[in-house]
Amino acid sequence: MDKVLKNLHEDNWVEALSYIRARVEDTAFQTWFESVKLNNVDEESITLIVPNRFHYEWLESKYRNLIHDAVKASFKKSLIVNYSVILTERTSDNIPKFKEAQKKAIPPGYHRPSNLNDRYVFENFIEGKGNQFARAAAISVTDKPGQTYFNPLLIYSSPGLGKTHLLQAAGNRMLRKNRSLRVLYITGEKFMLDFISSLQQNKSSDFTKFYRNVDMLLLDDVQFFVGKEQTQEQFFHLFNDLYQKGKQIILTTDRHPRKLIGVQERLISRFQSGLIADISPPDLETRIAIIMNEAKHTGLELEYSIVEFIASSISGDIRVMKSLLVRLQALSTLKNIDIDINLCREVIRENIGEDSLQSVTFLQILNYISKKLKVSKKLLLGKSRSQDVAAARQIIMFLTRKLTNLSLKNIGKELGGRDHSTVIHALRLVKDRAANDVSFSKLIKQYVKDLSRFGN
């Protein structure tokens, strides 16, 4: 490929990435597409370089059509998309291995402290679009700990989306497979306190020996290291030691490593040297599943309409949903009252605030329009582009924006994972049509009137 043609292809690939960026979440783009490089283009195909086989398999299974569309749009023709895995000095032959012979049997009755909560297992972790990859990655590293390119595995997300659950589930799965393994779960804060305590008591060697003598280190809330230079220094050396021994490291943080301002660059580099996976807020269906699972676990009986109401009213923190259920159960038991919509409203208002309480929920709007326009919810949430389905979907977006406090981004997310630009376009179309079509305008006003009654 001559230089001019190569530069042209590079420009085309940049254009393709822009196409993709406009159609996926920022975190998904950072995780999956920023590291993808153009290798070669010929008359029939394009070859892309990816960091590892797992990365390739995920792109093929989740983004195949999107990548094909992006390539077609930017290169002005259909091309077969091939992948090439980056080859480095870290081949499978020289990745450090666990040496089973080095492990000593645990004496009868001896139990190494892992700090793990037995309740956190993969079996009760509700999988959804937003956490699918992180869950798959966490399971993957327990199959061959320390022997894959997923070391370290770093999972990041906003608080309350399941990072700790996945972290501990990986540890529990490891111990179920081999009880002799030394698995340690610890928070960033506890690591710092242990380090300070070792300095105060002149037991630095004990501190070092304890932490370097593990097979799997699970460190929660790495962002706690921000601004703590000595703690970072200690962890840097610990990380290097465990990595060189082929021990598995899994970390969590509340933001992408690049955004950890106040953490040493060399430590950031270590965090990014393995696999990074994000967890995004759960969509409506996942929230419903989480609430139903939690209610079942606690023995709380809820009508499905109540489950839907809670899931529609709380769009973010999973912990908030779980604490809400605890509160409802306590009120129902102590006051001997039934759990109904009004009680849910009261608890949400008291614990989250009036602003978080929606008089009309997205699910109510979806159900209403589905029945009114005789379009199935499956089609509305799916990829159908038929005129009737698209028109109904646009009306739902418009009504949701008008009657709820959902952001443009979250409206798109709830309605099948569409991007906010699609929502903006839909709002404009409905508004313009209502301004020029009297009968359509009356219809929209009637929909608003009907839906407004749901909140009363």
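The values are calculated or read from the model by the stated rules, or taken from the named source; none is laboratory data. Treat the numbers as computed from the prediction; the structure is a model and nothing was measured. In this analysis, Cβ positions are derived from the backbone assuming ideal geometry, glycine residues included, and neighbour counts consider all displayed protein chains.
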Discussion item. Residues that are surrounded by 15 or more Cβ atoms within 10 Å (Cβ to Cβ), among the aromatic types (F, W, Y) and farther than 27 Å from D283 by Cα: does the stretch 127-136 have at least one?
Written reply: no
Within the stretch 306-330, of all residues that are touching a residue at least 40 places away in the same chain (Cβ under 8 Å), assigned to a helix (DSSP H, G or I) and under 19 Å from F125 (Cβ atoms), the one nearest to the chain's Cα centre (by Cα) is I318
Hey, any hits in the stretch 170-184 for a residue that's under 28 Å from G417 (Cβ atoms) and either in a helix (DSSP H, G or I) or touching a residue at least 12 places away in the same chain (Cβ under 8 Å) (or both)?
yes
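This table checks each residue for (1) closer than 29 Å to V36 by Cβ; (2) outside the structural domain of R319 (by TED's automatic domain parsing); (3) in contact with a helix residue (DSSP H, G or I) (Cβ under 9 Å, 6 or more places away or on another chain); (4) part of a helix (DSSP H, G or I).
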position	(1), (2), (3), (4)
T231	no, yes, yes, yes
F235	no, yes, yes, yes
F239	yes, yes, yes, yes
Y243	yes, yes, yes, yes
R258	yes, yes, yes, yes
G262	no, yes, yes, no
R266	yes, yes, yes, yes
R270	yes, yes, yes, yes
S273	yes, yes, yes, no
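Would you mind finding the one in S269, S180 that is at pLDDT 90 or above and exposed (fewer than 14 other Cβ atoms within 10 Å of the Cβ)? Quick ask: steps written out before the conclusion?
Details: S180 fails: at pLDDT 90 or above.
Result: S269 is the single residue among S269, S180 that is at pLDDT 90 or above and exposed (fewer than 14 other Cβ atoms within 10 Å of the Cβ).
Among D215, D220, D194, which is the only one that is closer than 24 Å to P145 by Cα, out of contact with any Ser or Thr (no Cβ under 8 Å at 6 or more places or on another chain) and in the same structural domain as G262 (by TED's automatic domain parsing)? Lay out the reasoning, then the answer.
Numbers: D220 fails: out of contact with any Ser or Thr (no Cβ under 8 Å at 6 or more places or on another chain); D194 fails: closer than 24 Å to P145 by Cα.
Of the residues listed, the single one that is closer than 24 Å to P145 by Cα, out of contact with any Ser or Thr (no Cβ under 8 Å at 6 or more places or on another chain) and in the same structural domain as G262 (by TED's automatic domain parsing) is D215.
What residue, among those in the stretch 34-88 that are part of a helix (DSSP H, G or I) and among the β-branched types (V, I, T), is nearest to W13 (Cα to Cα)? Even if it seems obvious, please write down each step before you answer.
In the first step, residues of the stretch 34-88 are kept if they are part of a helix (DSSP H, G or I); the result is 53-62, 64-75.
With among the β-branched types (V, I, T) added as a condition, the list becomes 67, 71.
Values: I67: 11, V71: 7 Å.
If we take residues in the stretch 34-88 being part of a helix (DSSP H, G or I) and among the β-branched types (V, I, T), then V71 is nearest to W13 (Cα to Cα).
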Note on the stretch 331-342: residues of a type in the set (A, V, I, L, M, F, W, C), part of a helix (DSSP H, G or I) and over 15 Å from Y304 (Cα atoms) are L331, L334
Taking the stretch 234-257 and the residues there that are under 16 Å from Y149 (Cβ atoms) and of a type in the set (S, T, N, Q), the one that is modelled with the highest pLDDT would be Q248
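I'd like to verify a number: residues in the stretch 51-70 that are modelled with pLDDT of 85 or more and either more than 27 Å from A134 (Cβ to Cβ) or of a type in the set (S, T, Y) (or both), how many?
Filtering the stretch 51-70 down to residues modelled with pLDDT of 85 or more leaves 63-70.
This time we only want the ones that are either more than 27 Å from A134 (Cβ to Cβ) or of a type in the set (S, T, Y) (or both), so: 63.
Of the residues in that region, 1 qualify.
Among the residues that make up the stretch 143-160, is at least one of them in a helix (DSSP H, G or I) and in contact with a strand residue (DSSP E or B) (Cβ under 8 Å, 6 or more places away or on another chain)? Break it down stepwise before answering.
First, pick out the residues of the stretch 143-160 that are in a helix (DSSP H, G or I): 143.
Filter again for in contact with a strand residue (DSSP E or B) (Cβ under 8 Å, 6 or more places away or on another chain), leaving none.
Within the stretch 143-160 (the criterion being in a helix (DSSP H, G or I) and in contact with a strand residue (DSSP E or B) (Cβ under 8 Å, 6 or more places away or on another chain)), the answer is no, since none of the residues qualifies.
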Can you find even one residue in the stretch 185-203 that is touching a residue at least 60 places away in the same chain (Cβ under 8 Å) and in a loop (DSSP other than H, G, I, E, B)?
no
Output for Cβ contacts, cut-off 9 Å, separation at least six or different chains, first residue farther than 15 Å from E301 by Cβ and assigned by TED's automatic domain parsing to the domain that holds I314 in the stretch 335-350, second in a loop (DSSP other than H, G, I, E, B) and of a type outside the set (S, T, Y), reads R345/L357; I348/I314; I348/L357; R349/L357
When restricted to I261, I290, I268, I279, the only residue in contact with a Pro (Cβ under 7 Å, 6 or more places away or on another chain) and over 21 Å from N240 (Cβ atoms) is I290
message = Being of a type in the set (S, T, N, Q), part of a helix (DSSP H, G or I) and within 22 Å of the chain's Cα centre (by Cα): is that true of T286 here?
response = yes
How many residues of the stretch 346-383 are among the charged types (D, E, K, R), modelled with pLDDT of 90 or more and not in a helix (DSSP H, G or I)? The answer is 1
Contact list, first residue from the stretch 426-437 and within 16 Å of A390 (Cβ to Cβ), second anywhere and surrounded by fewer than 16 Cβ atoms within 10 Å (Cβ to Cβ), beta-carbon distance below 6 Å, six or more apart or interchain, is R433/F440
